[in-house]
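Every number in this text was worked out from the coordinates using simple rules, so none of it is lab data. The structure displayed is predicted, hence computed values, not measured ones. Here the Cβ is made from the backbone with ideal geometry for all residues, glycine too, and neighbour counts use every protein chain on show.
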2 protein chains.
Amino acid sequence: MNNNSCIRQQADIKQIGRCKDRITAINGTFDYISNGLELAGNNVRLKILFLLYEEKQLCVCDLSDILGMTISAVSQHLRKLKDRKIIKTERRAQIIFNSLTKEYEEMLLPFFKILDENK
Amino acid sequence: MNNNSCIRQQADIKQIGRCKDRITAINGTFDYISNGLELAGNNVRLKILFLLYEEKQLCVCDLSDILGMTISAVSQHLRKLKDRKIIKTERRAQIIFNSLTKEYEEMLLPFFKILDENK
DNA sequence: CGCGTATTTAAGCAACTACTTAAATACAAA
DNA sequence: TTTGTATTTAAGTAGTTGCTTAAATACGCG
């Protein structure tokens, strides 16, 4: 890359350097946050996460009923969320309950609050 | 859909109904939030947004330099962000400066704070 | 006006996403 | 152990994403 036009006459070299350094320094934090946002950015999954926040725990069947989607489709969303430690599961008899992990519940709280206010 | 197994013996019908209603009621808010999160969930765009938050305004060239990506690639990210009113632009002489819209700056502030703390 | 810098757009492509359907597992309870 | 309910997984597919390269615009300034 790095070809092409825009051979800038004026560029704040100091600013560019400072920004580069900052981005590199907190690269891990970017990964951590986009790890969560990437998944929460999907409309269906945001609903799943909000529902888990409100109801504390739900099984794949509940979510399937509520969202009007196949169990399989919901299950595959839950798997992604679980793989990234955004939710956790707990079996009780035949039913597997899903709930938010504390860490990501906290991270997404500002959005749940916005959703709560619009009830 | 709605075929298949999971002919649940026990399901909290009231809970299902309540959740359905709630989801429908705030459907617009879900759209609003996932509108923002969908785009912020991309690692590159999250960086762009954070940089705009920190520096107030940057042109496509600056971002290209900082992120080590082609101008074209960055430009296409900026377009998406602009289409969804997450950023706005302002021309000054030959350079077009990008900055966050107030609305989404506020919405994403919690994440910028987390990133700020990890400097 | 026409030149040069800055920026956007178009076309193409490999990789990824969200779903579908059908089959496989998991496991509690009889 | 077998049965039945609950859940996950595999394979396939249409649509989307993020980039590349090359070409097109936009517009300030001499």
What gaps in nm, shortest first, separate residue B:24 from its twins in the other copies when you place the label 7 Å past Cα toward the beta carbon?
5.5
A:116, A:65 arranged by Cβ crowding within 10 Å, fewest neighbours leading:
A:116, A:65
tail above 34 Å in the computed P(r) of the protein assembly as shown, as % of all Cα-Cα pairs, reads 27
Residues of segment A:57-79 with backbone nitrogen within less than 11 Å of a virtual label 7 Å along the Cα-to-Cβ line of residue A:105, please, listed as ranges.
A:57
Semi-axis lengths (Å, descending) of the ellipsoid that matches the C-alpha gyration tensor of chain A
39, 15, 14
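Do you know the relative contact order of chain A, to the nearest whole percent, from alpha carbon pairs under 8 angstrom that are 6+ apart?
21
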Over segment A:48-99, equivalent-ellipsoid semi-axes from the Cα gyration tensor in Å:
14, 13, 12
Among A:46, A:30, A:64 the positive-end extreme of the charge dipole of chain A (Cβ point charges):
A:30
Run the dipole for the protein assembly as shown about the Cα centre, Lys and Arg Cβ at +1, Asp and Glu Cβ at -1, nothing else charged, and hand back the magnitude in debye, nearest 20.
280
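In peptide A:56-68, how many Cβ atoms from other protein chains are near each Cβ within 10 Å, on average?
4
Using just the helices of chain B, give the 222 nm mean residue ellipticity in deg cm²/dmol: DSSP H runs with n ≥ 4 each add -39,500 (n - 2.57), and the total is spread over all residues, rounded to 500.
-20500 deg cm²/dmol
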Can you give the FRET efficiency for residue A:54 and residue B:56, using 1/(1 + (r/R0)^6), R0 = 41 Å, r = Cβ-Cβ distance, to the nearest 0.05?
0.65
